[in-house]
Amino acid sequence: MYGRTLDWVQRVPFGLYIKHGPGKFVPRGEGPALKLVEQYTKVVAPRLIDLLTTESKTYLVMTRIPGIPLQEAIQSFSYAERSQLAADIRGCVSQFRQIPNPNDAAICSADGGPTFDYRLEDPAGPFDSEEAFNKHVIFRKSLRSAIHDHRHKIFFSHADFSPTNILVERGKLSGIVDFGCAGFYPEYWEYAKGIYGHFGLETAWPGSLSDAFSGLYKDELAAEKLLWENGNSF
């Protein structure tokens, strides 16, 4: 009944999970991110029960969210269910964007520290501006696109939307988990990062995510794909 679901995630009694390990498995900003989501939104996400951080490890105790990973169900979703899924994700993003940034840095983890994002390889920043962030992301001048000169709004983002982190139940979104990459990023990051890792795959997910963002950020996604294709990825 109980046991490990991943090497760093342990299911325990009373509807709880313990997530534990070094920073690459349990980023220090994940606990603060869950607190912000609980404080400012009605998005169904794990509730942080306790948090312990040592020099080498972080331990999170959090509640379980009902449902199964979207990846196990999306191919069987009807068109109506996919449309509702997109609307539900859109609603979650809208709520995330209402979360104020309590930190001095513009682009950072939820606790103001370096961003933790698989797209960026290693913890990076924090950054005082999108320009500083772009200098880190764009590793060759020849890969810079005109859209990188566009100033974007900075919002709180889950930053790891994927069919494994979105839970569904009876054809509807039931919750969002794994806030390890969450923090404050340029507005397009939530969408582009959600496509990252699924680029070129014939699944229903990219289409559903595009619908959730109403077709926005196409230029930003094209610029990101150019970086991905040239090795700027993990």
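The values are calculated or read from the model by the stated rules, or taken from the named source; none is laboratory data. Note that the coordinates shown come from a computational prediction; the quantities given were computed from them, not determined experimentally. With ideal geometry, Cβ positions are generated from the backbone for all residues, glycine too; neighbour counts draw on all protein chains shown.
Residues in segment 110-138 that are under 16 Å from the mean Cα position of the chain (by Cα) and more than 14 Å from GLY183 (Cβ to Cβ): GLU121, ASP122.
In a residue-by-residue description of segment 40-51, the property of being under 30 Å from VAL168 (Cα atoms), assigned by TED's automatic domain parsing to the domain that holds ALA204 and out of contact with any strand residue (DSSP E or B) (no Cβ under 7 Å at 6 or more places or on another chain) applies to no position.
Within segment 37-58, residues that are part of a loop (DSSP other than H, G, I, E, B) sit with their Cβ atoms under 8 Å from residues that are exposed (fewer than 14 other Cβ atoms within 10 Å of the Cβ) and modelled with pLDDT of 95 or more, at 6+ positions apart or across chains, in these pairs: THR41/GLN98. Among the residues in segment 48-63, are any closer than 23 Å to TYR191 by Cβ and of a type outside the set (Asp, Glu)? Looking for residues that are closer than 23 Å to TYR191 by Cβ and of a type outside the set (Asp, Glu), one finds none in segment 48-63, hence no. When THR58, THR115 are checked against the criterion of being at pLDDT 95 or above and either in the same structural domain as ALA182 (by TED's automatic domain parsing) or surrounded by 15 or more Cβ atoms within 10 Å (Cβ to Cβ) (or both), THR115 stands alone in meeting it.
Within segment 130-234, considering only strands (runs of 3 or more DSSP E) that don't extend past its boundaries, which have at least 2 residues that are closer than 22 Å to PRO100 by Cα and not polar (S, T, N, Q)? In segment 130-234, the matching strands (runs of 3 or more DSSP E) lie at 154-157, 172-176, 183-186.
Applying the criterion of being hydrophobic (A, V, I, L, M, F, W, C) and touching a Lys or Arg at 6+ places or on another chain (Cβ under 9 Å) to the residues of segment 66-92, the residue that is nearest to THR164 (Cα to Cα) is ILE74.
Of the residues ILE89, ILE65, which single one is β-branched (Val, Ile, Thr), in a loop (DSSP other than H, G, I, E, B) and touching a residue at least 40 places away in the same chain (Cβ under 8 Å)?
Of ILE89, ILE65, the one residue that is β-branched (Val, Ile, Thr), in a loop (DSSP other than H, G, I, E, B) and touching a residue at least 40 places away in the same chain (Cβ under 8 Å) is ILE65.
Taking the criterion of being under 24 Å from THR115 (Cβ atoms) and among the small types (Gly, Ala, Ser), the residues of segment 177-209 that qualify are GLY180, ALA182, GLY183, ALA192, GLY194, GLY197.
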